[in-house]
Amino acid sequence: MPPRPQQHHPSPRAGLVRLSVEDTSNRKLRRRRLPSPRLKLRIADCVNQVNLEFSVDTAERRENSLYKIETLIAALEQFRAGLAAEAELRARRERLVRHT
């Protein structure tokens, strides 16, 4: 089984990504109840913070949690592509302004 991520990724530019996927493989059943892992994702900058909760407790919640993270990954990839394009456009414009 792959290791469960529990990471804190501070950025030197005041950003933070913190995630936690609790490993319940060694937890035993208690009163016939299945263990429920803590699954959290936190994204923050110097002003704003987003906390996302996930669950695997039911089939519907598992499906929703996986859909949520896949949707977030796809949106972030699109955002990164747009940001990179705008950053390059800005850099080209700055070079033009300096040379005129």
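Every number here is computed from the coordinates shown, using simple stated rules; none is lab data. This one's a predicted model, so the numbers in the text were calculated from it and none came from an experiment.
Observations on the structure shown:
- Net length available on complete extension from Cys46 to Arg90 is 13.5 nm, with 0.36 nm assigned per residue and the Cα-Cα distance removed.
- Between helix 59-98 and the chain: long-axis angle, C-alpha atoms, 0 to 90°, nearest 10: 10 degrees
- Alpha-carbon Rg/Rh ratio, for the chain, with Rh computed the Kirkwood way: 1.17
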